[in-house]
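Remarks on the structure that follows.
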Amino acid sequence: MQTKIVKINRENFTDIQLNEAGEIIRDGGLVAFPTETVYGLGGNAFDPEAASKIYAAKGRPSDNPLIVHIADMDGLSEIVENVPESAAKLAAAFWPGPMTLVMRKKPVVPDRTTGGLDTVAVRMPVDEIARALIRVSGVPIAAPSANRSGRPSTTTAQHCIEDLDGRIEMIIDGGSVDIGLESTIVDVTGDIPMLLRPGAITLEMLRDVLGRVDIDPAILGPMAEGVRPKAPGMKYKHYAPKAELTIVMGEPDKVRDKINELVAADIAAGRKSGVIATLESRNAYHGQTTLKVMGTRNDESTVARNLFAILREFDETGVDRIYSEGFEDTGIGRAIMNRLRKAAGYSILEVD
């Protein structure tokens, strides 16, 4: 299959430029497209064969549900049985935006789209290219991140090309994304809303709207075998670079000393190491190592925006091991740590 690359300026485009992409989706094909979070790999959410193509293109386990993207609130009534009060409040506060809500699905949404669940994950993106594509397609779009399963998510069209060229019909190049981490996911099917995946809409922001919101234990540790994931990204290893990644946690000075110690041991053993640091700590590391700066702790959204790109960049350096500083589990730091834990396969070194 030859993948067509279409470049679109998100600041100045018309829906007509997306007509071909919309036709591909209506006909059961796949299109990678930008959103404010990461690039998505889109197919017709009502077409079970399109869902199967998404799983095949990504190499994604079929029990890992897909997120259905809508352009407006009218699209929500097509796919969910009812809208709980908590969902209505969150939608009013954060849609369009980087938040996904899990609700009971209507039969029109095929089981292949939802990973066999009777619920569906729904999001209304704020990105204008994404919403325009949904409109011209005439159907809601099922779209996980546009990467090969297990790899870091894609934040540029070039990342999509690296992973999916020749596997899908089209990639829409809308430039770099804004946020860089996938959407926050909240399950609103129970009496108490449950955070299933942290993101730019933080737990604190959710609680400001609803009061009580609980955290699913899978955010902090791997899911047990045989458990069906409620939402994307909960069960399987994700975001992993080719090199072995370890997160080092503790007091900042001790973390830096420990990473320098580990790098020195690697050098002595003939291994090549890499370090993921922040702007504040970049001068603390020394030795023959590859250093990459994610962003500043004074604005952790900069860290979120660069994380996946940096994990991909390390694949080009040929390092054997990567050591990353950790972050506090508050605000967007909770989302950063969620992605880092999964990328590291929960390899975390606590420094006293």
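Of the candidates V102, V120, the single residue that is touching a strand residue (DSSP E or B) at 6+ places or on another chain (Cβ under 7 Å) and under 22 Å from A56 (Cα atoms) is V120.
Can you name the residue in region 204-214 that is outside any loop (DSSP other than H, G, I, E, B) and touching a helix residue (DSSP H, G or I) at 6+ places or on another chain (Cβ under 8 Å) and is also surrounded by the most Cβ atoms within 10 Å (Cβ to Cβ) among such residues? First the steps, then the outcome.
Kept after step one, since they are outside any loop (DSSP other than H, G, I, E, B), are these residues of region 204-214: 204-210, 214.
After this cut, where a residue has to be touching a helix residue (DSSP H, G or I) at 6+ places or on another chain (Cβ under 8 Å) as well, the list is 205-206, 209-210.
Details: M205: 18, L206: 23, V209: 15, L210: 18.
Taking the candidates together, the pick is L206.
Just a yes or no: is a residue in region 5-17 under 18 Å from I168 (Cβ atoms), of a type in the set (F, W, Y) and open to solvent by less than 60 Å² (accessible area, probe 1.4 Å)? No - not one qualifying residue is present in region 5-17. Scanning region 109-123 for residues that are crowded, with 24+ Cβ neighbours inside 10 Å and free of Cβ contacts under 8 Å to residues at least 60 places away in the same chain yields a count of 2. Report, by residue number, each residue of region 170-200 that is within 19 Å of A130 (Cα to Cα) and of a type in the set (A, V, I, L, M). Matches in region 170-200: M170, I171, I172, V177, I179, L181, I185, A200.
Scanning region 314-343 for residues that are open to solvent by 10 Å² or more (accessible area, probe 1.4 Å) and small (G, A, S) yields G318, G326, G331. For region 165-190, give me each residue that is of a type in the set (A, V, I, L, M, F, W, C) and outside any loop (DSSP other than H, G, I, E, B). Those that are of a type in the set (A, V, I, L, M, F, W, C) and outside any loop (DSSP other than H, G, I, E, B): M170, I171, I172, I185, V186.
Does region 218-235 contain any residue that is among the hydrophobic types (A, V, I, L, M, F, W, C), at pLDDT 95 or above and either under 27 Å from the mean Cα position of the chain (by Cα) or not in a loop (DSSP other than H, G, I, E, B) (or both)?
First pass over region 218-235, keeping only residues among the hydrophobic types (A, V, I, L, M, F, W, C): 218-220, 223-224, 227, 231, 234.
Now restrict to residues that are at pLDDT 95 or above: none.
Taking every residue of region 218-235 in turn, none turns out to be among the hydrophobic types (A, V, I, L, M, F, W, C), at pLDDT 95 or above and either under 27 Å from the mean Cα position of the chain (by Cα) or not in a loop (DSSP other than H, G, I, E, B) (or both).
Scanning region 298-313 for residues that are open to solvent by less than 10 Å² (accessible area, probe 1.4 Å) and closer than 30 Å to R207 by Cα returns V303, A304, L307, F308.
Suppose we keep only residues that are of a type in the set (D, E, K, R) and crowded, with 19+ Cβ neighbours inside 10 Å within region 46-89. Which one would you say is nearest to I161 (Cα to Cα)? Lay out the reasoning, then the answer.
Step one: of region 46-89, the residues of a type in the set (D, E, K, R) are 47, 49, 53, 58, 60, 63, 72, 74, 78, 81, 85, 89.
Filter once more, so that each one left must be crowded, with 19+ Cβ neighbours inside 10 Å: 47, 53, 58, 60.
Numbers: D47: 24, K53: 17, K58: 12, R60: 17 Å.
The qualifying residue nearest to I161 (Cα to Cα) is K58.
For region 28-58, which residues satisfy the criterion of being assigned to a strand (DSSP E or B) and of a type in the set (A, V, I, L, M, F, W, C)? Lay out the reasoning, then the answer.
Initial filter on region 28-58 (assigned to a strand (DSSP E or B)): 31-33, 40-44.
Correct list: V31, A32, F33, L41.
Only one of these is touching a residue at least 60 places away in the same chain (Cβ under 8 Å) and open to solvent by 30 Å² or more (accessible area, probe 1.4 Å): I172, I161, I168, I134. Name it. Step through it out loud before you land on a result.
Values: I172 fails: open to solvent by 30 Å² or more (accessible area, probe 1.4 Å); I168 fails: open to solvent by 30 Å² or more (accessible area, probe 1.4 Å); I134 fails: open to solvent by 30 Å² or more (accessible area, probe 1.4 Å).
On inspection, the qualifying residue turns out to be I161.
Residues that are of a type in the set (S, T, N, Q) and under 17 Å from the mean Cα position of the chain (by Cα) number at least 1 in the following strands (runs of 3 or more DSSP E) confined to region 59-126: 99-104. Of the residues making up region 234-285, just one is at positive phi and of a type in the set (F, W, Y), namely Y239. Close contacts from region 177-203, counting a first residue that is open to solvent by 20 Å² or more (accessible area, probe 1.4 Å) and a second that is of a type in the set (D, E), with Cβ to Cβ under 6 Å and a gap of 6+ residues or different chains, come to D178/E36; I179/E36; I192/D214; M194/D187; M194/D214; M194/D216. When the residues of region 90-108 are filtered to those that are open to solvent by 40 Å² or more (accessible area, probe 1.4 Å) and in contact (Cβ under 8 Å) with a residue 24 or more places away in the chain, the one that is nearest to G40 (Cα to Cα) is P96. Kindly indicate whether T278 is at pLDDT 95 or above, out of contact with any helix residue (DSSP H, G or I) (no Cβ under 9 Å at 6 or more places or on another chain) and not aromatic (F, W, Y). Here the answer is no, as T278 does not meet what is asked.
The values are calculated or read from the model by the stated rules, or taken from the named source; none is laboratory data. What you are looking at is a predicted structure, and each value in this text was computed from that prediction instead of being measured. Cβ coordinates were reconstructed from backbone atoms using ideal geometry, including for glycine residues, and neighbour counts include every protein chain displayed. In case anyone asks, the SASA skips ligands and DNA or RNA and just uses the protein heavy atoms, side chains included. Shrake-Rupley method; radii C 1.70, N 1.55, O 1.52, S 1.80 Å.
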